[in-house]
Amino acid sequence: MSGITPEILARLLDEHGSALLLYARQWCDAPEDMVQEAVLQLVRQQAVPENPVGWLFQVVRNLALNEARAAQRRAKRESAATGGRESWFAATEDDRLDAAAATDALAGLPAEERETIVARLWGGLSFEEIGRLMGTSSSSAHRNYHRGLTALREKLGATWKTSSTRTAT
Amino acid sequence: MENQQHAHGDLNAFEAALAGLTPRARLDRDRLMFLAGQAAAVSPAPAPDGAQSSGRHGWPAAFAAMTAIAAGLLLALLVRLPPGNEGLVERPARPDSGPAAATQRIQTAAAAGAAADSYVHLRDLVTAQGLDAWPDSAAIAAGGDRAAGPLRPSSLGALLDELQERPEASRATRPETFPESNSGPGDKS
């Protein structure tokens, strides 16, 4: 086996696999292929990267962006969008937020804000890591996060108010 | 102030609720682990630092060394052979060389009747002075039968022509070893 051990790899997949999928899903319709390719590239590395999680997010981002460009050239992305978007989140018992509505609201955000929110909320990355990932500063990542979160709050306001009111009562 | 705190708390609650959404995971973990093991088996094993660095820098170092050697050889060749001087070597003349010495050797060889040596010296003489240095036939004939060799016909066709022009000469030189054809066995002279 190369630098990374099976135990470390299994733990990475368990803890960050779904977040990596969600992160890749922002750009392409086949996020599983992107994550799989990123994991295989990690295994082929001679030495384990200093930050394997950030490395995986970076590789998934590059692969997904390349795939998105190819999909745009094939014009399949547009037809898939008109046919309805598959929910990015699994259905949960917590009904405070609707998964489909959250998917639509998240997909409608500007790319920088959406990417920052996904990397922060579900990827668990720090603002410094997000800034390094996106090629910006940590303060820019922080601003994008709060701006996007506020926009999401406004988009999902009706559903959220109802749920919060129900929770409060 | 109170509204700001309320909004901030509401945003934190919204953030927590959003984080509670679980991303859809369709990642086949077992298959991915299998593929990872396969990729690790196919990829080359990490080499020790020394071997890795030597393998990485070995070929460039060899290339640089070969290039330096080739450049050195080319420079040495250009320095040792400046243009225009190729093949010009001056040597002092030998005392026994030159046309006079060659003529002397020819005459000596002809007088001694050494045909093999006369050819070599005749060649040297003609090479040095040209056809004007070719000795006349009388001088060669005076050297004896062997020295007169070059005057004989040089090919079979020339020999036949010469014999046809001088039939009596050839008849005189024919050996008479057989009896006359018209004389029978019973003839007695």
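No value in this document is a laboratory result; all are computed from the given coordinates. For clarity, every value in this text was computed on a predicted model and none was experimentally measured. Backbone-built Cβ (ideal geometry, glycine too); neighbour counts: all protein chains shown.
Listed by Cβ neighbour count within 10 Å, with the fewest neighbours leading, A:Arg120, A:Arg69, A:Arg44 appear as A:Arg69, A:Arg44, A:Arg120. Close amide H partners of A:Asp29, meaning residues 5 or more places away or on another chain with modelled amide H under 5 Å apart, do not exist here. The string of couplings for the range A:141-153 from the Karplus curve (6.51, -1.76, 1.60, θ = phi - 60°) is 5, 5, 5, 4, 5, 5, 5, x, 5, 5, 5, 5, 4 Hz, one whole number per residue in order, with x for Gly and Pro.
The H on the amide N of A:Phe89, modeled in the peptide plane, is under 5 Å from the matching H of B:Arg24, each at least 5 residues off or on a different chain.
Excluding A:Arg147 itself, calculate the net charge of residues whose Cβ lies under 14 Å from the Cβ of A:Arg147, where each Lys or Arg counts +1 and each Asp or Glu counts -1.
Numbers: positive: A:Arg114, A:Arg120, A:Arg143, A:Arg153, A:Lys155; negative: A:Glu112, A:Glu113, A:Glu115, A:Glu154, B:Glu15.
Residues close to A:Arg147 contribute a combined charge of 0.
Counting only other chain Cβ atoms within 10 Å of each residue's Cβ, the peptide B:34-40 averages 6.
Summarising the label geometry, the points placed 7 Å from Cα in the beta-carbon direction at A:Ala30 and B:Glu162 lie 10.0 nm from one another. What FRET efficiency comes out for A:Arg74 versus A:Asp104 if R0 is 30 angstrom and r is the Cβ-Cβ distance? Round to the nearest 0.05. With a Förster radius of 30 Å, E is 0.80.
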